[in-house]
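Quick notes on the structure that follows.
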Amino acid sequence: MGCGRVGARLAATLDADGHSVAVIDIDSKAFNRLPPDFSGRRVTGLGMDRDALRQAGIKDAYAFAAVSSGDNSNIIAARVAREVFHVERVVARIYDPARAYVYERLGIPTVASVKRTTESVMRRLLPPDAAVTWTHPTGEVSLVNATPAPSWYGIPFSTVEELAGARIAFASRLGIIRPASPELVVQEHDQLYFAITGTDAAPLRNLLTDAPNLEA
C-alpha cells in the first residue's frame, strides 16, 4: 500500500525479481512513479479498504507492506492484512518512533523512518559506537550495530567474535550488506551487526572503542 517513492521502488524491485506484485494507492497518478515495464497490478483505492485489498489479491498474498505517508493508514492497513486476511508477513512504515515501539510490542513489524534515519546519521557523525537497532519483543535477544575503532582494522571477524563473546550476523561495507564469515577482516568504515543476549550494548561499546587485547 502506497505508491510514493518508497512504495514505487519497493514494487519495482520485487517485480523485477520475478515476484507477483499489486500496488494500492488512493491517487491513480501515483502509479506514474512505476517504471514502464512494471507488470504488476495497480489498484486505486484505500489500502485499508477490504474490497481494495481483495482486488489486489490479498487472499493469495504472502506479504503486505504498508508504506504510505500516513502512520494511521499504515497501521490500520497492516492490522487488516494480518488479522482479517491472515497474511503471513506484514510490515508497516511508521514515522512516529513512539508509535513504532508500541506496534512492535504488539507483534507488528515496523520501519520507523525518522528514528532510523536519525540513528544512521548519528553513527556517521560520532566516534565509534555500538547501539541496539532491533530487539525481540521479549527482550531476550537484540541486534547491535557496532563501528569498531581503527585499532581493530585488520582483525579477523573470528577473533572479534571470540573477544566480544557474540556472533557477528552480518556486516555493512561500502554500502553493501554481506553475511559475516570467519575469513573476513575488519576494514575502515565497517559496520558490524552483532546478535547479543538481552538489550545491553555497553559491553560491546566498551570493547570496540579500545584497542583489542590479543594476548588475553
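Assorted remarks:
- When the convex hull of its Cα atoms is projected in every direction, mean area for region 15-64 (nm²): 3.5
- Long-range HN-HN contacts of Val185 with modeled amide H, under 5 Å: Phe157
- Rg ratio (alpha-carbon, reference 2.2 N^0.38 Å) - the chain: 1.20
- Close amide H partners of Thr133, meaning residues 5 or more places away or on another chain with modelled amide H under 5 Å apart, are Leu143, Val144, Asn145.
- Residues considered: Thr138, Thr197, Thr110. Largest GNM mean-square fluctuation over the chain, using C-alpha springs under 10 Å, is found at Thr138.
- Dipole orientation for region 5-115: of the candidates Ile24, Val67, Ala81, Val67 has the Cα lying most toward the positive pole (charges on Cβ; Lys, Arg +1; Asp, Glu -1).
- Two-decimal ratio, region 34-101, of alpha-carbon radius of gyration to 2.2 N^0.38 Å: 1.13
- Ellipticity at 222 nm from helices only: DSSP H runs of n ≥ 4 in the chain, each -39500 (n - 2.57), divided by the residue count, give -8500 deg cm²/dmol.
- Sequence-distant residues sharing a close amide H with Ile94 (under 5 Å, placed H): Val111, Ala112, Ser113
- Its Cα gyration tensor gives region 123-209 an equivalent ellipsoid. The semi-axes, each the square root of 5 times an eigenvalue, are 19, 14, 13 Å from largest down.
- The magnitude of the dipole of the chain, with charges of +1 and -1 set on the Cβ of Lys/Arg and Asp/Glu and taken from the Cα centre, is near 840 debye.
- In order through region 22-27: 3J(HN,Hα) via Karplus (6.51 cos²θ - 1.76 cosθ + 1.60), integer Hz, x for Gly, Pro: 10, 10, 10, 8, 6, 10
Each reported figure results from applying straightforward, stated rules to the coordinates on display, with no laboratory input. Computed from a prediction, not measured in an experiment: that's the story for all the values here. FYI the Cβ positions are ideal-geometry reconstructions off the backbone, even for glycines, and counts take in every protein chain you see.
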